[in-house]
Amino acid sequence: MLDILKQIARVGIVAGRRQAEAAPGDAAADPELRAVGRAPCMRHVDAGSCNGCELEIHALGNVYYNIEASGMKFVASPRHADLLLVSGPVSRHMREALLRTHDATPAPKRVVAVGDCAIDGGIFDAGYASCGGVADVIAVDATASGCPPAPEAIIAAIERALES
Amino acid sequence: MNATLAVEHAPVTREQWLPRIEALHAAGARLLTLWASDERDHGEGDLLRAAFLQPGGVVIVELALPDGAAPYPRIDELFPAAARLQRALRDLSGVQAEGGDRRPWIRHGAWSDGDAPLRRDFRGGTPDPTPYGFVRVRGDGVHEIAVGPVHAGTIEPGHFRFSVVGEKVLRLEQRLGYVHKGIERRFTELAPAAARRLAARVSGDSAVAFAWAFCLAEEHIRGVSVPPRATFLRALLLERERIANHLGDLGALGNDAGFGVGLAQFMRLKEDLLRVNAQVFGARYPMDAVVTGGVAIELTPAGAALLQQQFSVLAGETERLRAIYDDHAGMQDRFLGCGKVPGELARRLGVTGLVARASGIARDLRVDLPLPPYDALAVRCASAAGGDVAARVAVRFDELAESLRLGGELLRRLPPGEVCAPAQAPAPGGFGVGLVEGWRGPVFVALETATDGSIRRCHPHDPSWHNWPALEHAIIGDIVPDFPLINKSFNLSYSGVDL
């Protein structure tokens, strides 16, 4: 136990982390969404990703980006979610699961397409097994480009989606 | 391809196919992968290939299957990992094994049985609504828990069907294929440079390993020799990929055992690593740094100093965290004896890579078939006997320490010179393979190009193929709440096997 406390004390508070935004989402166009502010409950759906974008979505929770400090959090069911983070080109085999997850998410809901493949299919393109980008299957409110996109780009896209 | 990897082609007749593979099995060879190429445009049928790893290198057994040929003799009774490969082979190439499990593996319904997406004349399939036949476990009090494809956390999609009594798992059946996006066919539509980018995205957490394996295959075909400095920089990138993944896994394993401090500490270290990557290599994940002929990055003395310093900081940090993990009774209680794959079972199933090393099978390509620069580095192979979560944690810690040592060694011995061989005229076409020890295990790429330089066939193979079936065994007798921990201790690729 002492070693654990020593390690925590030795590392201290890691500098450079995001500060929580003061304005509670006044910018949201949808009045119901204003209650969410900048603190959405989010559900991630990998719709066909190579697993690169997932690595950066994981990073959102580390002590540097620390999204939970500003109220953003991941939830275990789409029924608890305000926002879906969707990565990957949408594979034909994931199309139905994505549609069902989207249906299960209560309105008002927002969708962020994470990564170049989620935007337009990327290097995988559309084909016999891929539907292309997320917008080819469900409505998308904001996108984060990059392969994979940096955590800052994902956070910025989440904030844009909440203001849309 | 490189100074050390010998590749033997063994064309066989239908009668010789099984005896040849039985002989390889008896000699202790390990199955790498199984795939087929459509040769109808050359007036032939399908060419079936099975690649094996043996002490001296790779042997590829080749069986020509004329149009309308009888099913080929199955090999999964010798090499159990072939069972899913045989099913995928039928789903994608339309090549059928004799007997065995007739259910589809990769094909969910986007195309029909008999539509073969890897045939050159495939023009999109007919949807097939037939539901998948899961194996039902019957008995008093047995019920099923169906999980996925969309999981509660941030992980890749797949379906797990647990048959349980109370909390005890009687059987786990995996259903993968959800992220099948047609990678093998896509390769044939891309120019070689774009195909290399695609190779890096077969499994994005193993981008360096796949890109390196792809480049080895292409360099063999084109007769390119890679400058020594480039091989060192490739290894530096590969070891940093291993370090990044092991750091993330060790944090997540602590978290899954209820030790959130572990997650916070390891994710901090991983982020530090990624930030230095961005500073030195221009990308947090340098997915496209390995290119044909060498690397697309250069290392300045200042960059090298930064990396060197980080390796030594990480060595100290992870050593301290290891002591905390080892001394933490709560965590050890969850790790020890959980998700056990005994050595004998691991050998029988043909388990590979990190998971095999944690079941006492001390095999690592960096030691067994070291390609430059590993031939000059005397890599120490990690291994543990337990076969449980604790052993897979221990192997990760050992490999982390070794990769940090190797990183320092690579920097100290980094040769001067070019980082990429000069561009060459397109090759006349040919066949090459690449084999690299990625962080999960051996990553294999077979590449065939046409005379105009276009890609005729590319078959990438992730080691997860061999370890997914072992996960079904590892959970038997454990309880459902231990599954996330056991699954994380394997941390297998979905994208890499769904393709």
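The values are calculated or read from the model by the stated rules, or taken from the named source; none is laboratory data. Because the structure is a prediction, the values reported are computed rather than measured. No Cβ is skipped: glycine too gets one built from the backbone with ideal geometry, and neighbour counts run over all protein chains shown. Calculation scope for accessible area: heavy atoms of the full protein, side chains included, ligands and nucleic acids excluded. Shrake-Rupley method; radii C 1.70, N 1.55, O 1.52, S 1.80 Å.
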(request) Name every residue in region B:185-212 that is within 11 Å of another protein chain (Cβ to nearest Cβ) and aliphatic (A, V, I, L, M), in order of residue number. (result) B:Leu190, B:Ala194, B:Ala195, B:Leu198, B:Ala199, B:Ala200, B:Val202, B:Ala207
(message) Looking only at region B:68-78, count every residue that is at positive phi and not in a loop (DSSP other than H, G, I, E, B) and tell me the total.
(response) 0
(request) Enumerate the pairs (first residue in region B:409-432 and closer than 30 Å to B:Ala304 by Cβ; second residue anywhere and open to solvent by 80 Å² or more (accessible area, probe 1.4 Å) and in a loop (DSSP other than H, G, I, E, B)) with beta-carbon separation below 6 Å, excluding pairs fewer than 6 apart on the same chain, so at least 6 apart or on different chains. (result) B:Val419/B:Glu298
(message) Being of a type in the set (A, V, I, L, M) and more than 10 Å from chain B (Cβ to nearest Cβ): is that true of A:Ala47 here?
(response) no
(message) All but one of (1) open to solvent by less than 40 Å² (accessible area, probe 1.4 Å); (2) within 12 Å of another protein chain (Cβ to nearest Cβ); (3) over 21 Å from B:Ala470 (Cα atoms) hold for B:Pro149; state the number of the condition that does not hold.
(response) (3)
(message) So, in region B:378-397, how many residues would count as being over 22 Å from B:Ile486 (Cα atoms) and touching an Asp or Glu at 6+ places or on another chain (Cβ under 6 Å)?
(response) 2
(request) Could you check how many residues of region B:410-455 are part of a strand (DSSP E or B) and under 22 Å from the mean Cα position of the chain (by Cα)? (result) 15
(message) Tell me yes or no: at least one residue of region B:387-394 is surrounded by fewer than 19 Cβ atoms within 10 Å (Cβ to Cβ) and at pLDDT 95 or above.
(response) no
(message) Quick check on B:Leu274: is it surrounded by fewer than 22 Cβ atoms within 10 Å (Cβ to Cβ) and either at pLDDT 95 or above or assigned by TED's automatic domain parsing to the domain that holds B:Asn491 (or both)?
(response) no
(message) Which count do you get for residues in region B:79-128 that are among the hydroxyl-bearing types (Ser, Thr, Tyr), in a loop (DSSP other than H, G, I, E, B) and open to solvent by less than 50 Å² (accessible area, probe 1.4 Å)?
(response) 1
(message) Please count how many residues of region A:96-106 are open to solvent by 30 Å² or more (accessible area, probe 1.4 Å) and closer than 13 Å to A:Ala139 by Cα.
(response) 3
(message) Looking for something open to solvent by 10 Å² or more (accessible area, probe 1.4 Å) and aromatic (Phe, Trp, Tyr) - is there at least one such residue anywhere in region B:37-53?
(response) no
(request) Looking only at region A:87-120, count how many residues are within 11 Å of chain B (Cβ to nearest Cβ) and either hydroxyl-bearing (Ser, Thr, Tyr) or under 24 Å from A:Leu60 (Cβ atoms) (or both). (result) 15
(message) Looking at region B:352-379 only, could you name the residues that are part of a helix (DSSP H, G or I), open to solvent by 10 Å² or more (accessible area, probe 1.4 Å) and over 21 Å from B:Leu31 (Cβ atoms)?
(response) B:Asp375, B:Ala376
(request) Tell me, please, whether a residue that is more than 11 Å from chain B (Cβ to nearest Cβ), over 26 Å from B:Ala289 (Cβ atoms) and either open to solvent by 20 Å² or more (accessible area, probe 1.4 Å) or touching a strand residue (DSSP E or B) at 6+ places or on another chain (Cβ under 9 Å) (or both) can be found in region A:51-65. (result) no
(request) Could you please find all residues in region A:124-164 being in a helix (DSSP H, G or I) and open to solvent by less than 20 Å² (accessible area, probe 1.4 Å)? (result) A:Phe124, A:Val134, A:Pro151, A:Ile154, A:Ile155, A:Ala157, A:Ile158, A:Ala161, A:Leu162
(message) Quick check on region B:215-235. Is at least one of its residues among the basic types (Lys, Arg) and open to solvent by 10 Å² or more (accessible area, probe 1.4 Å)?
(response) yes
(request) Might you check whether a residue that is at the interface with another protein chain (Cβ under 9 Å from one of its Cβ atoms), among the polar types (S, T, N, Q) and not in a strand (DSSP E or B) occurs anywhere in region A:66-82? (result) yes
(message) Pairs needed: first member in region B:234-245, of a type in the set (A, V, I, L, M, F, W, C); second member anywhere, assigned to a helix (DSSP H, G or I) and open to solvent by less than 10 Å² (accessible area, probe 1.4 Å); C-beta distance under 6 Å; at least 6 residues apart or different chains.
(response) B:Ala235/B:Leu410; B:Leu236/B:Leu410; B:Leu237/B:Val208; B:Leu238/B:Val208; B:Ile243/B:Ser403; B:Ala244/B:Leu273
(request) Would you please name the residue that is most open to solvent (accessible area, probe 1.4 Å), looking only at residues in region B:18-36 that are within 22 Å of B:Ala356 (Cα to Cα) and part of a strand (DSSP E or B)? (result) B:Arg30
(message) I need every pair where a residue in region A:1-14 that is at the interface with chain B (Cβ under 7 Å from one of its Cβ atoms) and open to solvent by 40 Å² or more (accessible area, probe 1.4 Å) has its Cβ under 8 Å from the Cβ of a residue that is in a helix (DSSP H, G or I) and of a type in the set (Lys, Arg), sequence separation at least 6 or different chains.
(response) A:Asp3/B:Arg320
(message) Condition (residue is more than 30 Å from B:Gly258 (Cβ to Cβ) and either outside any strand (DSSP E or B) or among the β-branched types (Val, Ile, Thr) (or both)) applied to region B:465-477: is it met by at least one residue?
(response) yes
